[in-house]
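Here is the structure we will look at.
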Amino acid sequence: MKKLIRLIVYAGLLLAMPAAVHAQTGDPVIIEVAGEKIRLSEFMEEFNANVGNQLAKKAGVTVAEKQAALEEYVELYATFRAKEYDARMRGFDTTARLRRELAHYRRDLAAPYLIDSTVLRNLLDEAYERNHYSLHAAHILVPVRPDAAPEDTLKAYNHAIELRERALGGEDFYALATEELHAFNPQARTRPNEGDLGYFTVFEMVYPFESAAYALKVGEISMPVRTQYGYHIIKLLDRVEGLYGEVTMAHIWLNSPDKERRRADIDNIYKQLLEGKSFEEMAKLSDDRTTADNGGVLSDATLSQLPPEYIHEIVDMKAGEISKPFFTQYGWHIVKMIRRDTLLPLKQIEGFYKQRMSRDPRGSESYKTFAADCRKKYGIVDCTRTAVAQPKGKRGKKKTEPQMMASLDELISHLNDTVRTGKWEFQESDFTDTTALIITPDQRYTSLDVAQYIHRTQKDGMWLSLEFYAQKMFDEFLDSVTIKYADSQLEKEHPDFAQVVNEYRRGLMIFNYNDEMIWSKAISDTAGLAAFYATECKNKRLDNAEDSIYFYHPRARVTIINVANSNALSPAKAQKIVAKAQKKGLSSNDIKQLLTKKINRKKYPDDNIVSTEIEVVEQTRQKVLDARQWQVGTYLTEQQPGYRIVVVDQVLPRTIKDLKDARGYYINAWQNEVERRLNESLRTKYNVKIHRDVVHSISL
């Protein structure tokens, strides 16, 4: 979509044109394309949206400048409408590619319309409020499958309650977490502070866990919290305000498991920092050799990636501030704050929140609420929960259970244990009951439809009873059917949505048209490109700054000789050999052999001590020669423990680039030329007319 938008912006057309042709009196025709009349009101709506409104906001814009902008836009618009007409004539509006791409974009556009706005608003506000705080928590996990049998779920819950009571009774929380881990997996590796989750904020834990943690006070232990992983007992260890997103820091680290052993060293470093020594200089003393030569700068990190001790040191630090020395299990540290994210206003990050919610369990809440409301709105009937109207019975007659319009009995009868491994198969002929399970205004769905849905979405590892599983999958199918119908009504109910979808459709059509008729065509037309180059290269001038990209800067043809060890062959001796070889016109390979023969192979057996290569280097894009060496000659550069000899054989002046080296520039220019020719032909082919009297009547 970004590429599409770039195209449209480049063309100056944002495709917001209404489809209707205005024919009101006083609304003259301004442009005609193949007999289609484009009215002034339609044109001005586009012009103002894309140019006019921006001009009105600029101070000092003259009437002449506004008129020039109008004239330019008229030409662009007329050409665009001719191109659009040609695209329809060639069938670009009905291609499979367009339908596929439009379906993708429409799905994203429709998403905000297919959720409950009230629930979503509450969730957004909740997430934003939580995002002001970061929590440090530990947990004890009692594993239980999300689809476990009720008796297994109850057993896990009761065990979690016992663990909580033991923690409240004073037993070490981390020890209990370790005990539970080993009970589930005896081979698990024990970590210090088992169950410690470090710091986290919104969206970094599953939603039920997050909600339970944010509801706690520091030091409190939660009741068992159910997630897809099992039951969690959560202990809140800390809550800090003001940390958000990523931080960039530099650090000085002294590695020591013994707190006292390096204390004097870190204090001395800190003292020198206070006295004015730069952090970059003192970072060279850090035991972190990967950052010591880079001022101690660490990669950007989120809170969850930092040791908890870091959090308390950086929570109030501003950019440029340096912490006091502090100790962690890794040793002594001093950190310097370089950059830290801040929490933006909710309006600016609402899109990010919605994106995260789409992958988060909380997003399903607004989805389910919306589906339930849509069933009422559109009269969608769940026949398995809708009773058949019963005739009134005689007084005193015993009431019976209401009879539903349909049941899942046929579906359940055909399910078997293979569905537990995601390998369930069925024959359509197995399903003979045509009773509707779901009725929408435009379709009826039977047991066969639900079976097909299960077959498409079944997964390995389902342990619910078949009855529960059938009900669960039916409810999912019911929601999906409801949302599908609501989706089909969006264009009717939301004109703004219909307009945007139409913009995308037309934008995609023009994009695909341009791709086939201009961009790809220009690239594949090698003969046309070669002819274009032959003409254009003659028009490029060295004295024109805009043409500089089409010329080589001065170049040099060089022979590069690298000797890895100066002890194996002295630079002076090597230079003499190279000079003699040059006079004889020997090749670089011959020079390499001559140099290699002069090396004591018993003492230096490496075959790669001497290497040679020939290059053509361009003055502005090379590191082989310095400014003083840009002339024919031989130059020696030490590169311990060896050296390099560079022989400049020839210096070439600035010349026009060949097509191979300037291909990208010429292809871009060739595409523009192909488009220009196409536009000219379309305006002739479709008899494009611009009514200049109407254009001149426009007052800006």
Any residue at all in the stretch 661-669 that is assigned by TED's automatic domain parsing to the domain that holds Ile560, surrounded by 12 or more Cβ atoms within 10 Å (Cβ to Cβ) and not charged (D, E, K, R)?
-> no
Identify the single condition in (1) under 37 Å from the mean Cα position of the chain (by Cα); (2) in contact (Cβ under 8 Å) with a residue 24 or more places away in the chain; (3) farther than 19 Å from Pro143 by Cβ; (4) surrounded by 14 or more Cβ atoms within 10 Å (Cβ to Cβ) that Gly195 does not satisfy, given that it satisfies every other one.
-> (3)
Note down all Cβ pairs under 7 Å where the first residue falls in the stretch 242-260 and is surrounded by fewer than 16 Cβ atoms within 10 Å (Cβ to Cβ), the second is in a strand (DSSP E or B) and among the aliphatic types (A, V, I, L, M), and they're at least six residues apart or on different chains.
-> Glu246/Ala301
With (1) surrounded by 12 or more Cβ atoms within 10 Å (Cβ to Cβ); (2) over 30 Å from Glu101 (Cβ atoms); (3) of a type in the set (Gly, Ala, Ser) as the list, and Ser520 as the residue in question, which single condition is left unmet?
-> (2)
Here the residues within the stretch 283-295 that are in contact (Cβ under 8 Å) with a residue 40 or more places away in the chain and over 29 Å from the mean Cα position of the chain (by Cα) are Asp287, Gly295
Flag for Leu594 being free of Cβ contacts under 8 Å to residues at least 40 places away in the same chain and more than 27 Å from Asp661 (Cα to Cα) | yes
Any residue in the stretch 106-128 that is more than 30 Å from Glu204 (Cβ to Cβ) and under 28 Å from the mean Cα position of the chain (by Cα)?
-> yes
Tell me, which residue of the stretch 311-343 that is without any contact (Cβ under 8 Å) to a residue 40 or more places away in the chain and of a type outside the set (S, T, N, Q) is nearest to Gly198 (Cα to Cα)?
-> Glu313
Among (1) hydroxyl-bearing (Ser, Thr, Tyr); (2) under 27 Å from Leu298 (Cα atoms); (3) at pLDDT 90 or above, Thr178 falls short only on (2)
Exclusive hit being in the same structural domain as Tyr85 (by TED's automatic domain parsing), part of a helix (DSSP H, G or I), more than 38 Å from the chain's Cα centre (by Cα) and surrounded by 14 or more Cβ atoms within 10 Å (Cβ to Cβ), set Val695, Val674 = Val695
Does Ile266 satisfy the condition of being among the hydrophobic types (A, V, I, L, M, F, W, C), touching a Pro at 6+ places or on another chain (Cβ under 8 Å) and buried (at least 18 other Cβ atoms within 10 Å of the Cβ)?
-> yes
For Arg683, which of the numbered conditions (1) outside the structural domain of Lys573 (by TED's automatic domain parsing); (2) exposed (fewer than 14 other Cβ atoms within 10 Å of the Cβ); (3) part of a helix (DSSP H, G or I); (4) under 44 Å from the mean Cα position of the chain (by Cα) fails to hold?
-> (2)
Taking the stretch 476-502 and keeping residues in contact with a helix residue (DSSP H, G or I) (Cβ under 9 Å, 6 or more places away or on another chain) and acidic (Asp, Glu) leaves Glu476, Asp479, Asp487, Glu491, Glu493
Which is at pLDDT below 95, in contact with a Lys or Arg (Cβ under 7 Å, 6 or more places away or on another chain) and within 30 Å of Ala110 (Cβ to Cβ), of Gly363, Gly422, Gly351?
-> Gly422
Within the stretch 114-125, the count of residues that are crowded, with 16+ Cβ neighbours inside 10 Å and of a type outside the set (A, V, I, L, M) comes to 1
Of all the residues that make up the stretch 503-557, how many are in contact with a strand residue (DSSP E or B) (Cβ under 7 Å, 6 or more places away or on another chain), assigned to a helix (DSSP H, G or I) and among the aromatic types (Phe, Trp, Tyr)?
-> 1
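The values are calculated or read from the model by the stated rules, or taken from the named source; none is laboratory data. What you see is a predicted model; the values in this text were computed from it and never measured. So basically every Cβ, Gly included, is an ideal-geometry build from the backbone, and we count neighbours across all protein chains shown.
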